[in-house]
Amino acid sequence: MSENELEELNKEAYKYGFTTAVDAITLGRGLNEDVVRAIAAARKEPQFMLDFRLRAYEIFKGMKEPEWAAVHYPPIDYENVQYYSAPQKKEESDAAPSYDSLDDVDPEILRTFEKLGIPLDEQKRLSGVAVDAVFDSVSITTTHQQKLSDAGVIFCSFGEALHEFPHLIERYLGSVVPASDNYFAALNGAVFSDGSFVYIPPFTRCPLELSTYFRINNVEAGQFERTLIIADKGSYVSYLEGCTAPQSSKHQLHAAVVELVTLDDAEIKYSTVQNWYAGDKETGEGGVYNFVTKRGACRGKRSKISWTQVETGSAITWKYPSCILLGDDSVGEFYSVALTNGHMQADTGTKMIHIGKNTKSTIISKGISADHSSNVYRGHVNINPKAHNSQNYTQCDSMLVGKQCTAHTYPYIDIRTNDSTVEHEASTTKLSEDQLFYFKSRGVSEEEAIQAVVTGFCRDVLDVLPLEFAAEAQKLLTLKLENSVG
Amino acid sequence: MLTLDNVHAQVEDHPILKGLSLTVNAGEVHAIMGPNGAGKSTFAKVVAGHDDYEVNDGDIQFNGESINELDIEDRANKGIFIGFQYPTEVPGVNNAEFLRLAYNAKRQANNQEALNDEEFRPILLEKLKAAQMDHIFLERDLNSGFSGGQKKRNEILQMLVLEPQLAILDETDSGLDIDALRIVADGINQYRSENHAIVLITHYQRLLDLVKPDFVHVLADGKIAKSGGPELALELEANGYDWLTK
């Protein structure tokens, strides 16, 4: 292979690795109480928010970074991270909490999102999907506002919600993932900047798919966003999260928190296609450290939360989208494809906590490991003493590509009733040179062969992704695996 | 159609083919026999273009064009088919979908439109019938959990669907019971025509009783040790290979 071809392949392997030149307002490096206060001040936040942050910071100071996950990395220097980075408004110099209109946004940023396939202006925006675009620490804009507000749906940046709907935030923020939950949740509680807020009123089916697109641009800054979605009684929403970051030899810290709440008969379908920069494929240098806490509480009877994730990028992934099944007859689902290649390390899975009666959960996990990567499924199914007649089904499949990678499965199962059913199935397969040769000997190209095998392996998960993202996810998986077989 | 001219090939540093020359014309059926380790499967893989096999001397031509430098899939789409001795299992990929993928790859290589499932189905069902196979095979994953015999029959189905110009069948008869052997032979005989060339790699006369070859070759130590008509196979059946290789 010539050097040019190699270069082309590298580019293709991570085509979102560019940086946008915009002036950023930051608060410098390191973390202390002043930084926490400064973030709240920069964003002109109400008092309860500052109190929340300061409590979280106190908790954070007393905690230690967790070491139980099967991921290895040099100690993170938390004093060297920038905890806030906001792109500067066109003609203003003070740190700005939000944009009033797209006219205020640096055109470079709009071009960035367009390059990422997320056009934000009225003429070109995606039909059928409302997008909240978050650039470093700040939400840039949310599309389709009129159509959403006609339906009574609130979908806006977290910063905006703090000013417009403080009572909702105060009531629900931290109610699913308290700052004390874990080290990274505490850190996020102290310094989180923007993110998305969604509220679906009772008996409303959200008329559009909602989507947040997270873009880390400043290679020196961490990204700490917070998402809160509340589905009131009898409502439904489908939400999609996408993410990319520039290619950099430094590691970027990403510690997000997502909280979902469903009341009686409500349903949230939360899908993620994650494609952060994963580090140099050969050396493992750079890439995003992704320490994310995602949890949903099915508070209402017969309510449902469904997590679907396609994880293809991050040097380190530490992430367990979970469901607390409080309401009787509530349902939790977790569908996951986690692909690791190069030197990536993923420790991901889910927790299903059954508390209400007749609660049901399904876990379908597909792990694909290639090159020198390590891929761990870690799951926890907990059936509490009062969760009578509950059911869990877990299926955990691993695919190995090449000879240097590893795949591990750590299922924890804790059953405290004698009338519940828990099933666990697992398998390991290999995407081999022999399979690719067999396809090619029938005239099928390597790319199509990988796509066929990987899509077949992941079908159960790809089938539950919103249609337009399933095709994208398929392509992404294929692209990541080319040149890894052998 | 297929010409091998003094082909030398090695795997890693082991020379296996040591000057193999062979010409196969349209309409002909050739049988290649020979002791284990003589290079019979290597011959099939070298013609297919397998990356593990390095051709370091000689030329392979298909329809007058050298294919030494062609990729595996390009050779296939030009009309070369290998029926493998050990067909690979591919869990998760539906057999019918795989056949359509391969069928369309060939169509697209010939600048024809790909067929959708609905358009392809009647073609597939006709070939399935010709191969005397049950519908259930189409619903299963490619070779996954198939018995040895089922895998071989699935290779014949693929050959009938893809309609290659040249089919090299590597021990397609081994591991088959008597009924399956007859069905496989039926499939090969249906495919046999003046436009198609067939190379049967086999150890046993029983296949050659059902598919009568025009030529029989003995491959020993990487080259053709002897060629003849169908009677040569009978001689080998009676006397083994020793008299040829000593």
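The values are calculated or read from the model by the stated rules, or taken from the named source; none is laboratory data. Just so you know, these numbers come straight off a predicted model, no measurement behind them. Ideal geometry is used to build each Cβ from the backbone, glycine not excepted, and the neighbour counts take in all protein chains shown.
Those residues that are part of a loop (DSSP other than H, G, I, E, B) and either closer than 22 Å to A:Ser441 by Cα or within 15 Å of the chain's Cα centre (by Cα) (or both), I need them from the range B:165-184; list them, please.
B:Gln165, B:Glu171, B:Thr172, B:Asp173, B:Ser174
Taking the range A:452-471 only, how many residues are without any contact (Cβ under 8 Å) to a residue 12 or more places away in the chain, among the small types (Gly, Ala, Ser) and either within 13 Å of chain B (Cβ to nearest Cβ) or closer than 19 Å to A:Lys440 by Cβ (or both)?
1
Of the residues that sit in the range B:10-47 and are hydrophobic (A, V, I, L, M, F, W, C) and free of Cβ contacts under 8 Å to residues at least 60 places away in the same chain, which one is farthest from B:Leu236 (Cα to Cα)?
Step by step, filter the range B:10-47, then rank; the result is B:Val11.
Within the range A:305-314, identify whether any single residue is aliphatic (A, V, I, L, M) and at pLDDT below 90, and answer yes or no.
no
Would you list the strands (runs of 3 or more DSSP E) that sit entirely within the range A:299-381 and hold 3 or more residues that are under 20 Å from the mean Cα position of the chain (by Cα) and farther than 19 Å from A:Cys396 by Cβ?
A:304-313
Tally up the residues in the range A:295-316 that are touching a residue at least 40 places away in the same chain (Cβ under 8 Å) and closer than 24 Å to A:Leu187 by Cα, please.
The qualifying residues number 8.
What are the pairs with Cβ atoms under 8 angstrom where one residue, in the range A:323-339, is over 16 Å from A:Ser390 (Cα atoms) and the other, located anywhere, is charged (D, E, K, R) and modelled with pLDDT of 95 or more? Sequence gap at least six, or different chains.
Cβ pairs passing all conditions: A:Ser336/A:Lys366; A:Val337/A:Lys366; A:Ala338/A:Lys366.
Can you tell me which residue in the range B:75-86 is farthest from the other protein chains (Cβ to nearest Cβ), limited to those that are closer than 29 Å to A:Ser427 by Cα and surrounded by fewer than 21 Cβ atoms within 10 Å (Cβ to Cβ)?
Out of the qualifying residues, it is B:Gln85.
Would you check which residues across the range B:56-74 are surrounded by 17 or more Cβ atoms within 10 Å (Cβ to Cβ) and either within 8 Å of chain A (Cβ to nearest Cβ) or part of a loop (DSSP other than H, G, I, E, B) (or both) and list them?
If the condition is that a residue be surrounded by 17 or more Cβ atoms within 10 Å (Cβ to Cβ) and either within 8 Å of chain A (Cβ to nearest Cβ) or part of a loop (DSSP other than H, G, I, E, B) (or both), then B:Ile67, B:Leu70, B:Ile72, B:Glu73 are the ones that fit.
Would you check if A:Ala449 is more than 13 Å from every other protein chain (Cβ to nearest Cβ) and at pLDDT below 95?
When the stated conditions are applied, A:Ala449 does not pass them.
Being touching a Phe, Trp or Tyr at 6+ places or on another chain (Cβ under 9 Å), within 14 Å of another protein chain (Cβ to nearest Cβ) and buried (at least 17 other Cβ atoms within 10 Å of the Cβ) narrows it down to one residue among A:Ser441, A:Ser365; which is it?
Just a single option satisfies the conditions, and that option is A:Ser441.
Hey, among the residues in the range A:57-80 that are without any contact (Cβ under 8 Å) to a residue 12 or more places away in the chain and not in a loop (DSSP other than H, G, I, E, B), which one's farthest from A:Ala346 (Cα to Cα)?
This residue is A:Glu58.
Quick check on my filter: what residues within the range A:241-260 are surrounded by 24 or more Cβ atoms within 10 Å (Cβ to Cβ), touching a Lys or Arg at 6+ places or on another chain (Cβ under 9 Å) and modelled with pLDDT of 80 or more?
Those that are surrounded by 24 or more Cβ atoms within 10 Å (Cβ to Cβ), touching a Lys or Arg at 6+ places or on another chain (Cβ under 9 Å) and modelled with pLDDT of 80 or more: A:Val257, A:Val258, A:Leu260.
Give the residues of the range B:87-117 that are within 11 Å of chain A (Cβ to nearest Cβ), of a type in the set (A, V, I, L, M) and outside any loop (DSSP other than H, G, I, E, B), sorted by residue number.
B:Leu99, B:Leu101, B:Ala102, B:Ala105, B:Ala109
Would a scan of the range B:185-193 turn up a residue that is among the hydrophobic types (A, V, I, L, M, F, W, C), under 17 Å from the mean Cα position of the chain (by Cα), under 18 Å from B:Ile82 (Cα atoms) and assigned to a loop (DSSP other than H, G, I, E, B)?
no
Residues are listed down the side, and each one gets a yes or a no for (1) within 14 Å of another protein chain (Cβ to nearest Cβ); (2) surrounded by 15 or more Cβ atoms within 10 Å (Cβ to Cβ); (3) under 24 Å from the mean Cα position of the chain (by Cα):
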position	(1), (2), (3)
A:Met399	yes, yes, yes
A:Tyr412	no, no, yes
A:Phe437	yes, yes, no
A:Ala473	no, yes, yes
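In the range A:276-290, which residues are out of contact with any Asp or Glu (no Cβ under 9 Å at 6 or more places or on another chain), part of a strand (DSSP E or B) and crowded, with 24+ Cβ neighbours inside 10 Å?
A:Val288
Looking at the range B:43-70, which of the residues that are modelled with pLDDT of 95 or more and of a type in the set (S, T, N, Q) is farthest from B:His8 (Cα to Cα)?
Looking at residues that are modelled with pLDDT of 95 or more and of a type in the set (S, T, N, Q), I get B:Asn63.
How about the range B:143-157: which of its residues are touching a helix residue (DSSP H, G or I) at 6+ places or on another chain (Cβ under 9 Å) and in a loop (DSSP other than H, G, I, E, B)?
Selection gives B:Asn143, B:Ser144, B:Phe146.
More than 14 Å from every other protein chain (Cβ to nearest Cβ), out of contact with any strand residue (DSSP E or B) (no Cβ under 8 Å at 6 or more places or on another chain) and either among the small types (Gly, Ala, Ser) or surrounded by 19 or more Cβ atoms within 10 Å (Cβ to Cβ) (or both), is that true of B:Leu176?
Yes.
Residues that are closer than 22 Å to B:Glu69 by Cβ: which strands (runs of 3 or more DSSP E) entirely in the range B:1-44 hold 2 or more of them?
By residue number, B:2-11, B:14-24.
Just checking, does the range B:17-37 include any residue being surrounded by 21 or more Cβ atoms within 10 Å (Cβ to Cβ) and over 17 Å from the mean Cα position of the chain (by Cα)?
Yes, that holds for at least one residue.
Restrict the check to the range A:387-398 and report whether at least one residue is more than 30 Å from A:Ile268 (Cα to Cα) and either in a strand (DSSP E or B) or free of Cβ contacts under 8 Å to residues at least 24 places away in the same chain (or both).
no
Taking the range A:261-275, which residues are at pLDDT 95 or above, not in a loop (DSSP other than H, G, I, E, B) and not polar (S, T, N, Q)?
A:Val261, A:Glu267, A:Ile268, A:Lys269, A:Tyr270
Could you list, in sequence order, all residues of the range B:118-139 that are within 22 Å of B:Leu181 (Cβ to Cβ) and either part of a loop (DSSP other than H, G, I, E, B) or at the interface with chain A (Cβ under 10 Å from one of its Cβ atoms) (or both)?
Within the range B:118-139, B:Ala131, B:Gln132, B:Met133, B:Asp134 qualify.
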